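A quick write-up on the structure given underneath.
The values are calculated or read from the model by the stated rules, or taken from the named source; none is laboratory data. Predicted, not measured: the structure shown is a model, and the values here were computed from it. Cβ sites come from the backbone with ideal geometry, for glycine too, and all protein chains shown count toward neighbours.
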Amino acid sequence: MAPSDLPLDTAIARGLLQAPDNMQTRQLAGAALDDPAFGRCSRALLDAAMVNVAEHIEFTGLMERFEESVVLLGEAFNWRNIGYVPVNVWGSPTPTELKPQTIARIRSENELDLELYEFVTERFAATVRAAGSAFAFNLQALRRCSAMLQGAEEEEAPSLAIEKRAATMRARFQRAEERSARLAGRNKQRRAASGR
């Protein structure tokens, strides 16, 4: 039976998943996924990952603070099309759906990643605290834009200014989506015409 046919708890308990330990730490430190060997990640690797995040990575966001991350990302790179429609493509189980022993195993195999996550979380929180009134305004506008894109037209925005900004964001997002769909259609036609 393939790991994909098993419940996640069972696949993890049997060691059938080929994920390296502390994968984020490895990647952000510039280490290979198989060197050091499984279970051999050192604190030096964590230190290197933290230095890289602090000194060489322009932006880090958090999934659980997604909207704030989107606004900060837009501000960091001067992006204007930051609207979004939420889509859950992963279908992954939540921690409450996993057995306690599975969660304990995942935590023990990723202790450095957990420390790295705390480091990134603290930096992110400091960035949000330091953000000015434009950030708060854009966050409210993004939330309103997302609601509008999901069909919540009847909800009232906190202010006319936020409503106008959200409407502009929505229009830009929709135009970008339309351009993307047209381009995908043209590419599909080209592939069909060339026999690929």
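Values as computed for the structure displayed
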| quantity | calculated |
| --- | --- |
| Selection within segment 52-62 - under 18 Å from Phe135 (Cα atoms) and either aliphatic (A, V, I, L, M) or in contact (Cβ under 8 Å) with a residue 40 or more places away in the chain (or both) | Thr60, Gly61, Leu62 |
| Of all residues in segment 155-196 being assigned to a loop (DSSP other than H, G, I, E, B) and not small (Gly, Ala, Ser), the one that is nearest to Arg80 (Cα to Cα) | Pro158 |
| Options Phe135, Phe119: the member that is touching a helix residue (DSSP H, G or I) at 6+ places or on another chain (Cβ under 7 Å) and closer than 30 Å to Pro36 by Cα | Phe119 |
| Scan of segment 130-175 for residues that are under 28 Å from His56 (Cα atoms), of a type outside the set (A, V, I, L, M) and within 20 Å of the chain's Cα centre (by Cα), ordered by number | Phe135, Asn138 |
| Residue match in segment 83-94 (condition: exposed (fewer than 11 other Cβ atoms within 10 Å of the Cβ), at pLDDT 85 or above and of a type outside the set (A, V, I, L, M)) | no |
| Number of positions in segment 39-72 that are surrounded by 12 or more Cβ atoms within 10 Å (Cβ to Cβ), touching a helix residue (DSSP H, G or I) at 6+ places or on another chain (Cβ under 8 Å), assigned to a loop (DSSP other than H, G, I, E, B) and not aliphatic (A, V, I, L, M) | 4 |
| Candidates Ala2, Ala32, filtered to the one that is loosely packed, with under 11 Cβ neighbours inside 10 Å, farther than 30 Å from Thr168 by Cα, at pLDDT 80 or above and hydrophobic (A, V, I, L, M, F, W, C) | Ala32 |
| Total residues in segment 156-182, condition surrounded by fewer than 11 Cβ atoms within 10 Å (Cβ to Cβ) and modelled with pLDDT under 85 | 1 |
| Residue match in segment 11-28 (condition: in contact with a Pro (Cβ under 7 Å, 6 or more places away or on another chain), farther than 19 Å from Thr121 by Cα and crowded, with 16+ Cβ neighbours inside 10 Å) | yes |
| Which listed residue, of Arg123, Arg40, Arg105, Arg129, is over 27 Å from Pro20 (Cα atoms) and among the charged types (D, E, K, R) | Arg129 |
| Qualifying residue in segment 12-35 (condition: assigned to a helix (DSSP H, G or I) and acidic (Asp, Glu)) | no |
| Scope segment 73-89; condition of a type in the set (A, V, I, L, M, F, W, C) and in a helix (DSSP H, G or I); matching residues | Leu73, Ala76, Phe77 |
